[in-house]
Amino acid sequence: MKQLWIEVDESLPENQKAKLLKSAAQTCDAVLVDAKDLEKAKKAGIKTASTSEEADVTVLSAFDPEKLKALKAKGRAVAVKITIEGKKDEETAIEAAELNSDYIIVGTPDWKIIPLENLIAKTRGKTKLLAQVSSAKEAKVALETLELGSDGVVLKTASLEELKETAAFAKKAASVLELVAVEVVDVKEIGTGARACIDTCELMKPGEGILVGCQSSGLFLVQAEVHESPYVETRPFRVNAGPLSLYALTSPTRTRYLSELKAGEEVLVVDREGKVRLTNVARSKIEWRPMLLIEADYNGKTLKLIAQNAETIRVVTPEGSKAVTDLKKGDKILARVEEGGRHFGTLVKEEAVIER
């Protein structure tokens, strides 16, 4: 789990500080405060970090090797705060990590990514690397840099909304969706239609793909083009997802039409265990192709998927995957089954919607 700290500016009005501290106590791992606000932070019931040695974590605003050693000798938790403006500052951060600083808080005002990549690579396992950020957007970049990301972020903000948004991203657990085996009851050829290949910014593995379907209540796991074929090269970044009118799951709680997905949009990659990861669309490649209608049953409920009529399009099964052209009555394939009916992609339980 990533660390989320909030830095509360000493110049904020007292009522605003109180609101931030109250929210931080529910969402953050620690709060970084000026020494004069330390008692307020302690009363909020949250781990404290400050230049004061009375805090849970003593923050050194300038790297002092001797002071660091002395504090560690007393059994104190220590954070060293460093602004990265050049190679020398990177070396200082690495030295602090070698001296067993518990946390390194780095600010990168110019180059945001490269210094952080270097420090993640060189300090991992030696300390907790926390990146100073001022928004949820910056936090997302820091937590994903070099794939592993920093160990956490120190968010400096006066906005409760910004804190809430950052916490939702930084503290989220890996999402898992429940997938069930549905039984194929019919497969038939239908006419030509516009279908979208969704090319992503990820590389997918066997058993991974995108959840799509004719109804939001039944989304089928269509596998990425990872299966070896004598017809075409594998394209592990791509899911041949079907007609533009199909629903695709783009967050654990939201669907969008395939027609809406374009470069930069987010979409979920899901595997056969239901494990989820978020990626972005690199392009949507639309072409006109002959189609297949696949109907499946789950506890008396009929679910439908339309896919391109081609051997390279495969749906995920409990044991592997199968080409849509090879599907037959009685086959079991994986799907996400839930309540249907969406308003702009969001489930509204009180609204009566029938999808056929």
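The values are calculated or read from the model by the stated rules, or taken from the named source; none is laboratory data. Here the structure is a predicted model, which is why all the values come from computation and not from measurement. Quick reminder, even Gly has a Cβ in these numbers, built from the backbone with ideal geometry, and neighbours come from all protein chains shown.
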Check on Tyr298, buried (at least 21 other Cβ atoms within 10 Å of the Cβ), under 25 Å from Val184 (Cα atoms), touching a residue at least 60 places away in the same chain (Cβ under 8 Å) and among the aromatic types (Phe, Trp, Tyr)
no
Are there helices (runs of 4 or more DSSP H) fully within the range 34-152 with at least 1 residues that are of a type in the set (Asp, Glu), under 19 Å from Ala170 (Cα atoms) and free of Cβ contacts under 8 Å to residues at least 60 places away in the same chain? List them.
114-123, 136-144
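Could you tell me whether any residue of the range 79-93 is among the small types (Gly, Ala, Ser), over 30 Å from the mean Cα position of the chain (by Cα) and modelled with pLDDT under 95?
Looking through the range 79-93, at least one residue is among the small types (Gly, Ala, Ser), over 30 Å from the mean Cα position of the chain (by Cα) and modelled with pLDDT under 95.
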Tally, over the range 175-193, of residues that are of a type in the set (Gly, Ala, Ser) and either under 17 Å from Ala310 (Cα atoms) or touching an Asp or Glu at 6+ places or on another chain (Cβ under 9 Å) (or both):
2
Quick check on this structure: which one of Leu99, Leu4, Leu12 is modelled with pLDDT of 90 or more and crowded, with 19+ Cβ neighbours inside 10 Å?
Leu4
Search result, residues across the range 212-245 that are free of Cβ contacts under 8 Å to residues at least 40 places away in the same chain and assigned to a strand (DSSP E or B)
Arg235
Taking the options Asn299, Asn280, Asn240, name whichever one is within 16 Å of Gly218 (Cα to Cα) and of a type in the set (S, T, N, Q).
Asn299
Val348 is checked against (1) modelled with pLDDT under 95; (2) crowded, with 17+ Cβ neighbours inside 10 Å; (3) not aromatic (Phe, Trp, Tyr) and fails just one. What number does that condition carry?
(2)
Being modelled with pLDDT of 95 or more and buried (at least 20 other Cβ atoms within 10 Å of the Cβ) narrows it down to one residue among Glu189, Glu260, Glu225; which is it?
Glu225
Of all residues making up the range 311-339, the number that are under 16 Å from Ser229 (Cα atoms), at pLDDT 95 or above, over 26 Å from the mean Cα position of the chain (by Cα) and not hydroxyl-bearing (Ser, Thr, Tyr)
5
So is Ala307 at pLDDT 95 or above, small (Gly, Ala, Ser), touching a Ser or Thr at 6+ places or on another chain (Cβ under 9 Å) and in the same structural domain as Lys188 (by TED's automatic domain parsing) or not?
no
From the list Pro206, Pro290, pick out the single residue that is at pLDDT 95 or above, in contact with a His (Cβ under 8 Å, 6 or more places away or on another chain) and under 26 Å from Lys328 (Cβ atoms).
Pro206
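Residues checked against (1) modelled with pLDDT of 90 or more; (2) of a type outside the set (A, V, I, L, M, F, W, C); (3) out of contact with any helix residue (DSSP H, G or I) (no Cβ under 9 Å at 6 or more places or on another chain); (4) buried (at least 18 other Cβ atoms within 10 Å of the Cβ):
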site: Val31; (1), (2), (3), (4): yes, no, no, yes
site: Asp34; (1), (2), (3), (4): yes, yes, yes, no
site: Asp37; (1), (2), (3), (4): yes, yes, no, yes
site: Ser52; (1), (2), (3), (4): yes, yes, no, no
site: Ala55; (1), (2), (3), (4): yes, no, no, yes
Looking at the range 251-272, can you tell me whether even one residue there is without any contact (Cβ under 8 Å) to a residue 40 or more places away in the chain, more than 23 Å from the chain's Cα centre (by Cα) and either farther than 24 Å from Ala323 by Cβ or not in a strand (DSSP E or B) (or both)?
no
Glu202 vs. criteria free of Cβ contacts under 8 Å to residues at least 60 places away in the same chain and either of a type outside the set (S, T, N, Q) or surrounded by 15 or more Cβ atoms within 10 Å (Cβ to Cβ) (or both)
no
Taking the stated definitions as given, is Val153 in the same structural domain as Leu292 (by TED's automatic domain parsing) and either in contact with a Lys or Arg (Cβ under 9 Å, 6 or more places away or on another chain) or at pLDDT 90 or above (or both)?
no
